[in-house]
Amino acid sequence: MRIGITCPYTWDVPGGVQAHVRDLSAHLIGLGHDVSVLTPVDDPDEAHLPPYVLSAGRAVPVPYNGSVARLVFGPLSLTRTRRWLREGEFDVLHVHEPTVPSVSMLACFAASGPMVATFHTATARSRALQVFGTALQPALEKISARIAVSAAARRVVVEHLGADAVLIPNGVDVARFAGAQPLPGRSAAPTVVFLGRIDEGRKGLAVLLEALPELVRLVPGVRLLVAGPGNADDVREAVPRSLRDRVELLGLVSDADKSSVFASGQVYCAPNTHGESFGIVLVEAMATGTPVVASDLEAFRRVLDEGRAGVLVPVRDPGALAAALGALLCDPPRQARLAASAREVVRAYDWASVTRQVLDVYETVADTAPPAGHVEVDPELDTLAALLEKGDGTDDDAGRLVSTLRRWLADRPRLADRTRSPEAWTDRS
Amino acid sequence: MLGLLVLAVVYVTWTAGRLDRLHARVDAAWAALDAQLVRRAAAARAVAATLPPGPVAETLDAAARAALEAGAEGREACENDLSRALRAALPLPPDSAELGELETATTRVGLARSFHNAAVGDTRAIRLRRIPRALRLAGHRALPQFFEIDTAMAQ
């Protein structure tokens, strides 16, 4: 099957959607499918890109939905998207996050034929949908199949687009995590692992740090291993001086080292306060075999099978968190039991199973050859695209927009000529 | 005045085009659903043939045949009967090629039904608006209907 996938966020910036697109593509290619990914790329040297990734141009940082999103949207990106669709001859087009103003949205406008969309965000309000909802509707209406990665994301789709979505979870490479070794040189002291941005409030590191004194009272030898980017000094200041040597800050860890970080602890702690749609990190820790203690958020409750595959604690409650962590650290048989049930749960999230489910969707929308056909360039945008495609060397969206506008203004006198001599109508068509 | 007229013409042609696409999507979604329903019924007959002779196998085979032969009118009812007959036949003998095909087909029927009904919902939402309805922008095409069947297959 020839599959075209669009990723709205910059490829070389780490992120959940990018990782999802990368892993899904790799598994589809592993099954023998032809995959091409169109995505914004920042690094002008494209040699480091995997062979299946095509750059849609540099992204522009835009404040969006409370954080800075790096997006591409404009004439040059549209031109590239159309060319990619034309040359790709895809059997199915899979757009990720089509409501984010970037390549996925452009592809929705520019394509017709069998289209699948995956919705990742659980943010109840999408700025783009609020402002441009009506204008986006016709593009979103072309999508033949909608996938949501979590129950929360699915609810957003139903509320905003008035249509149901099939639930297919995020995938995890279970085998890669299952065989993980601890980081070299680790002591055998009971260790709690935290992974996530240390300065992002909703990841809840502050709650865990607040629980630390009580936890030390319960488990005197306990250590805290913190992995994730952010300002380390702020974290140190939040810990009483006497306990600072208990906290080890690893900074940003690579994807490859993530599994070793989990394997270096007896317990993985996810004290998140809100705003989690899925909990992929929990699944990764569970795949490693590290028992999880997590906030009782809806997404986490689902992943932890209502508490059967991990411990749920009240949100923002340092006392309860310390008690739960302490009890679990002192109970190795319970750790083993939780790890065993977690391993069962995690199988449903293995990429092998997730890829199969995504392929089921592809084949359902693309199998019926005559009515569905191939993915094609939507002729509706031809006029607009022809106006924008007259290249003049500028290679960013803003420059292209300005030059198009300038050309259009320069063409104004000629419009007057045409009304006088009808022959002139044909000279530029 | 002229501007308003131009706007109205643009709106009408654009909405008509939009409805055209939506109907094409419904057609494609129905073709997919139809194909998967036929596949499921055929798989159900193959599974029925592997069951020990008895009332369960006979009911399943009869329901599958009825589903294959049903016209547009009785299709929903026949497919629902087949879902029920399949559930009654549980647990099926495990790990046969026939059962694998039946499971795939059942999953696909569920997906195809959901995609079809989403397409129908999107189309109806536009068609039932006041202006498209008054101007008959959908032409002679019948209002697409939801296909409601129960595809749950508890294992």
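Okay, here's what the table says:
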| item | result |
| --- | --- |
| Selection count, the stretch B:123-146, where residues are small (Gly, Ala, Ser) and either in a loop (DSSP other than H, G, I, E, B) or in contact (Cβ under 8 Å) with a residue 12 or more places away in the chain (or both) | 3 |
| Helices (runs of 4 or more DSSP H) within the stretch A:295-374 that include 3 or more residues over 25 Å from the mean Cα position of the chain (by Cα) | A:318-329, A:332-346, A:369-372 |
| Selection within the stretch A:48-65 - modelled with pLDDT of 90 or more and of a type in the set (Phe, Trp, Tyr) | A:Tyr52 |
| A:Arg356 vs. criteria basic (Lys, Arg) and away from chain B (no Cβ under 14 Å) | no |
| Residues of the stretch B:113-154 satisfying the condition of being of a type in the set (Lys, Arg) and within 14 Å of another protein chain (Cβ to nearest Cβ) | B:Arg113, B:Arg124, B:Arg127, B:Arg129 |
| Residues that are of a type in the set (Lys, Arg) and within 26 Å of A:Gly179 (Cα to Cα), drawn from the stretch A:271-317 | A:Arg301, A:Arg302, A:Arg308 |
| Residue in the stretch B:11-19 that is away from chain A (no Cβ under 14 Å) and over 23 Å from B:His116 (Cα atoms) present | yes |
| Close pairs (6 angstrom Cβ cut-off, 6 or more residues apart or separate chains): touching a residue at least 24 places away in the same chain (Cβ under 8 Å) in the stretch A:170-193, part of a loop (DSSP other than H, G, I, E, B) and of a type in the set (Ser, Thr, Tyr) anywhere | A:Pro182/A:Ser264; A:Leu183/A:Ser264; A:Arg186/A:Ser264 |
| Counted residues, the stretch B:1-24 - those being in contact with a Lys or Arg (Cβ under 7 Å, 6 or more places away or on another chain) and modelled with pLDDT of 90 or more | 1 |
| Qualifying residue in the stretch A:176-192 (condition: modelled with pLDDT under 85 and either under 30 Å from A:Met115 (Cα atoms) or not small (Gly, Ala, Ser) (or both)) | yes |
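The values are calculated or read from the model by the stated rules, or taken from the named source; none is laboratory data. Please read all numbers here as calculations on a predicted model, not as lab measurements. Reconstructed Cβ throughout: ideal geometry from the backbone, glycine too, with neighbour counts over all protein chains shown.
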